[in-house]
Every structure is written in C-alpha cells, then in structure tokens.
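Working notes, structure below.
The values are calculated or read from the model by the stated rules, or taken from the named source; none is laboratory data. Note that the coordinates shown come from a computational prediction; the quantities given were computed from them, not determined experimentally. A quick note on method: Cβ atoms are made from the backbone with ideal geometry, for glycine too, and the neighbour counts reach across all protein chains shown. Protein only, heavy atoms only, side chains kept; ligands, DNA and RNA dropped before computing areas. Shrake-Rupley method; radii C 1.70, N 1.55, O 1.52, S 1.80 Å.
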Amino acid sequence: NAGVTQTPKFRVLKTGQSMTLLCAQDMNHEYMYWYRQDPGMGLRLIHYSVGEGTTAKGEVPDGYNVSRLKKQNFLLGLESAAPSQTSVYFCASSYPSSGGPTGTGELFFGEGSRLTVL
Amino acid sequence: QQQVKQSPQSLIVQKGGISIINCAYENTAFDYFPWYQQFPGKGPALLIAIRPDVSEKKEGRFTISFNKSAKQFSLHIMDSQPGDSATYFCAASSDTNAGKSTFGDGTTLTVKP
C-alpha cells in the first residue's frame, strides 16, 4: 500500500524553466491538495481539488497551475520558475470529513519534493 | 491574516518531562483540530485530532485539550521521549470548506536524554 507518492523527490531548476510535480494516491480519496513548506511558515495551501476534473485556488496560488485529469493523480506545474518558489512541496489527500470511513478530515501526506530554483 | 497561531516555535524538554504546545484560532467555523507530527525528510502524519464537542482527547501519552470559548487548543506529551523529537503542527479545518486545513507555523521539539 503506497499511500501518497510524489515524483520527483528532488529537482534543481534555473529561473524561467518549467516543470511538473506529480502526485499519485492509491486510497481512492476524493480530495487532493498541494502545500508548500518554508522554514518557520508552516504549510501553505497552493491549490486543491475536490474531485476528478475540478481544481481551486488555495492561499498561495500565484505562479502555479494544477490539473486533476484522473482521480488518483494531481499535478502541480510551474510555468516559469522563480527563486521565490524554492521550497519543499507536499501533496496530500483525504476523504471528505463526513464521507470517509474514519469520519475525519485526516490528511495523508507524501514525503515531499524539494525544489531549488537558481 | 494568520488564522492559526502556534507557540512556542521551539521547545527543549528533558526525557520524562511534559511537552506542551499551544494553538489559537480565529475562525469559529473550524470544526476539526488535528495535530500532525513530522520527522526530518518525511511528510507530516496525523498524531491526534479533536472535534469541538469534547474538551479533551487522550491517546496514550498524547492529549489534546480544547477550549472552545477561548478558541484555543493544546497538545500535551507526557513522559516525553527522545523519539518524540520532531516538528509538530496544529491545524484547523471545516467540513463546509472542502476540508482545507490551515496550519500553524510548527513547533520543533527536542527531547534530551
């Protein structure tokens, strides 16, 4: 049972380059999220999805785009990377709080993707 | 506007001591309050969570205390162990908001042997 898998785990980009982070979950979760983690700033929500084919903006969406063509996958794209996007990116998934087997909104996280933009 | 404020930023405790981390929230619509534990190089993982219909929840050495009127909740780690050394995040979310979680800034706990 893999849970939430993120690829790649590490990436170095030059300013202006583009890239895509892939998140895959095998728990049949409806909800998926992309967070970024910066020192002393906790986790900030970039974009999220409540189901296949739907996406929405989170707290810090500028400079990022997402797509959810399949229920199990959630892609995060950087069209023109900037040094301010140097961060650790975490994907997470969950059931709807009232609809899942646990009756909670527990988030299941991947192990993170460390991105450095030079 | 930071909706969840967490303190302290870092905490050093001796083995066997009690670790206490506090969080305060602003949005009264929040109805799920989890604590996540994160080890270096790993993603956060749920440690314990509470809903506002109870004032305390205990799981082993970990206890959440919840004060709805003060809009505060705290994590207590009893008999702290070196293996508890990690970063702890409080969070808050609402069933009516797609389960989006707002996180505190995190507390780095070091338990000295």
Note, ³J(HN,Hα) from phi for the range B:75-85, Karplus 6.51, -1.76, 1.60, rounded to Hz, x at Gly and Pro: 10, 10, 10, 7, 6, 4, 10, x, x, 7, 4
Dipole of chain A, positive end: most advanced residue of A:G3, A:Q17, A:L115 [Cβ charges, Cα centre]: A:Q17
With all protein chains modelled, accessible area of B:C90 [1.4 Å, Å²]: 0 Å²
Scaled radius of gyration (Cα, divided by 2.2 N^0.38 Å) that chain B gives: 1.02
Residue-normalised accessible area of the range B:1-61, given per residue in Å² at a 1.4 Å probe: 56 Å²
For chain A, fraction of C-alpha pairs farther apart than 18 Å, in %: 47 percent
A:D62 paired with B:R61, simple spin-label distance in nm, labels 7 Å along Cα-to-beta-carbon: 4.4 nm
Amide proton proximity set for B:A86, modelled H, under 5 Å, gap of 5+: B:L109
HN-Hα J in Hz across the range B:52-68 - Karplus 6.51, -1.76, 1.60, θ = phi - 60°, x for Gly and Pro: x, 7, 10, 9, 7, 9, 10, 9, x, 7, 9, 9, 9, 10, 10, 10, 5
Average other protein chain Cβ within 10 Å of Cβ, residues B:34-46: 5
Lys, Arg +1 and Asp, Glu -1 on Cβ, resulting dipole of the range A:1-89 about Cα centre, debye, nearest 20: 180 debye
Loop-located trypsin sites (Lys or Arg not before Pro) in the range A:12-114 whose Cβ has at most 16 other Cβ within 10 Å (DSSP): A:K14, A:K70, A:K71
